[in-house]
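The values are calculated or read from the model by the stated rules, or taken from the named source; none is laboratory data. Everything numeric in this text was worked out from a predicted model, so none of it was measured. Neighbour counts run over all protein chains shown; Cβ positions are idealised from the backbone, glycine included. For accessibility, only protein heavy atoms count, side chains too; no ligands or nucleic acids. Shrake-Rupley method; radii C 1.70, N 1.55, O 1.52, S 1.80 Å.
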Amino acid sequence: PNECRPLNIYILLFVINPGLFRFFAHIFLRTCRGGCASLVAAVLVVDGLAGCSPMDLALAEFLRKEVNVPVHVAVNKCESEKTGMLNAADFWQLGLGEPMPVSAIHGVGTAELLEKIFESVPELAADALRDDSADAELLEDFPYLSGVLEKNRKAAANAPGVNLREQIAQETEEINVAIVGRPNVGKSSLLNKLFGDQRAIVSEMAGTTRDSIDALMERPSPDGIVPPVLYRFVDTAGIRRKNKVDFGPEFFMVNRALRAIRRSDVALLVLDATAGVAEQDRILAQKVSDDGRACIIVCNKWDAVVNKDDTTYEKSVRYFRMELPMVRWAPILFVSAVTGQHCKKFYDLVDAAVAAHRKRISTAVLNEILRDAIMWQPPPSRRSGAQAKIYYCNQVSVRPPTIVVFVNDPKLVSDNYKRYLDRKFRESLDGFESTPIRWLFRGRRVRDVMRAGRGNTMNGDPGDGGSGKSYPYPHAG
């Protein structure tokens, strides 16, 4: 078809041992029943080298009873032309139709599997004929448009332009939200509460989530005029300390979680309100700040905090601010994934964080704030008498907001003074409460600054004491 739309296809993958599957069987089946309502097709992936196992028979029985959509059997590890069909024939006993031999590594049989899925879903055929039926109705009312429609159809077929799906993707904005944190802090429970159903498997055992899970939600605009906003929540696996992670499944699981942080717009740093801040929480907070992601601190299990009074909230905010200075700019939200307390505030905070992450300030406003900050606290001088002289600044990019400050020597600007400038800018500007500000200090010679036509800089040219006069050196008067 000319148009494509994403399908909600349920692929059942099992790389765990049978004993562990029996332990999670009731949780898994409950999760599958919750997601079967939105399916259009299901694919059962089995191991062609191992043959049909009792676990495969149990899954096939579950799919026959609980799923009312076309089910296909993909027999993996069948890249051999001689033995592939023979290995796949063993799975006729599942009673789910013809098994398809495929190879995930070599890509063998994947195209045939997709064609079979397309043919089995009636909605896809209806979408393919939807344009022709719409054109037929239009021609009944306006017959003289037949030549125009034929011309447009040929131009659309020959032009390398974007299709309708790409146009909708451009109009509809998608926001990536990563849910990160230590194991067993309630990340999957929070995802299930936001969606109102079982999207992720949840249990009391730490480390239940073994891979990143994407869940897409569409939020229409209040007025109905602005295109809806798509939120892609990524539930990541719990990240333990580096020295406790062995090379194996958990190693790749942690890497995928860290990758989800890098490709996200907003990171929800989930903490356990009953356990406080651990060292791993500080490491994750520093990781989010270093990657330049907008952040929201989510303190889960707020309902389990005992002996709460009128001052508990303020004391808790001060505690988390003190323990997480690297994300002191991030808003703090106390929620409960069990009861749903304060979960409705997520979307407003995410929207504000995205707006802050993409905020741009004019150069004139930035230079005015920088001038005031230098007047209140000039850059400190070293024992040798060398002092940083700040010329001007401007914002060069967003996501996160990046400000370049031109000085005489970047080495003379201490970390304390950088934090002072960050604090003064946040106090003077609104809208940077949820995003880090990346500071870049570049060195420029005095003659380059004066040639650029910036004689009146923030604190004047170096050596004039902030008066704005061009007397950088005694012999230059």
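Structural remarks
- Amide H to amide H, with H built 1.01 Å from N, TRP329 comes under 5 Å of no residue 5 or more places away or on another chain.
- Contour minus Cα-Cα distance for GLU433 and GLU115 (0.36 nm per residue): 109.6 nm
- In sequence order, segment 256-272 has phi-based couplings of 5, 5, 5, 5, 5, 5, 5, 9, 8, 8, 10, 10, 8, 8, 8, 10, 9 Hz under the Karplus curve 6.51 cos²θ - 1.76 cosθ + 1.60, θ = phi - 60°, and Gly or Pro positions carry x.
- The Stokes-Einstein estimate for segment 311-457, based on a Kirkwood radius over Cα pairs and taken at 37 °C with 0.692 mPa s viscosity, is a diffusion coefficient of 188 µm²/s.
- Using R0 = 41 Å, the C-beta based FRET efficiency linking THR363 and ARG232 works out to 0.75.
- Ranking by accessible area, most exposed first, for TYR319, TYR347, TYR313, TYR392 with a 1.4 Å probe: TYR313, TYR319, TYR347, TYR392
- Sorting 257-269, 330-342, 67-79 by average packing, meaning the other beta carbons within 10 Å per residue, from highest down gives 257-269, 67-79, 330-342.
- For the pair ARG399 and VAL338, the difference between a 0.36 nm per residue extended length and the Cα-Cα distance amounts to 18.7 nm.
- Residue-count net charge about LYS77 - beta-carbon cut-off 15 Å; Lys, Arg +1, Asp, Glu -1: -4
- In this structure, the amide hydrogen of VAL45, modeled 1.01 Å from its nitrogen in the peptide plane, lies closer than 5 angstrom to those of LEU12, ALA74, counting only residues at least 5 positions away or on a different chain.
- Evaluating 6.51 cos²θ - 1.76 cosθ + 1.60 at θ = phi - 60° for every residue in segment 326-332, the Karplus couplings come out as 5, 10, 5, 7, 7, x, 10 Hz, glycine and proline recorded as x.
- Euclidean distance of C-alpha centroids, segment 325-347 and segment 391-415, integer Å: 32 Å
- Here r is the Cβ-Cβ distance between TYR420 and ALA89 and R0 is 60 Å; the resulting FRET efficiency, rounded to 0.05, is 0.25.
- With 0.36 nm allotted per residue and the present C-alpha distance subtracted, the ASP372-GLU174 stretch has 67.5 nm of extension available.
- Net charge over other residues, Cβ less than 14 angstrom from the Cβ of PRO380 (K, R count +1; D, E count -1): +4
- Whole-Hz Karplus values for segment 96-111 come out as 10, x, 6, x, 9, x, 9, 9, 5, 6, 8, x, 6, x, 5, 5 Hz, taken residue by residue from phi with 6.51 cos²θ - 1.76 cosθ + 1.60 and θ = phi - 60°; glycine and proline positions read x.
- Förster-model FRET efficiency, 22 Å R0, THR274 and PHE195, C-beta, rounded to 0.05: 0.35
- Between amide H atoms placed 1.01 Å from N, distances below 5 Å from ALA294 occur with ALA267, all of them 5 or more places distant or on a separate chain.
- Put a dot 7 Å past the Cα of ASP310, heading toward its Cβ, do the same for ALA58, and the two dots end up 5.6 nm apart.
- Residue pairs, from the table LYS77/LYS116; LYS65/LYS344; LYS359/LYS411, whose Cα atoms sit over 25 Å apart: LYS65/LYS344; LYS359/LYS411
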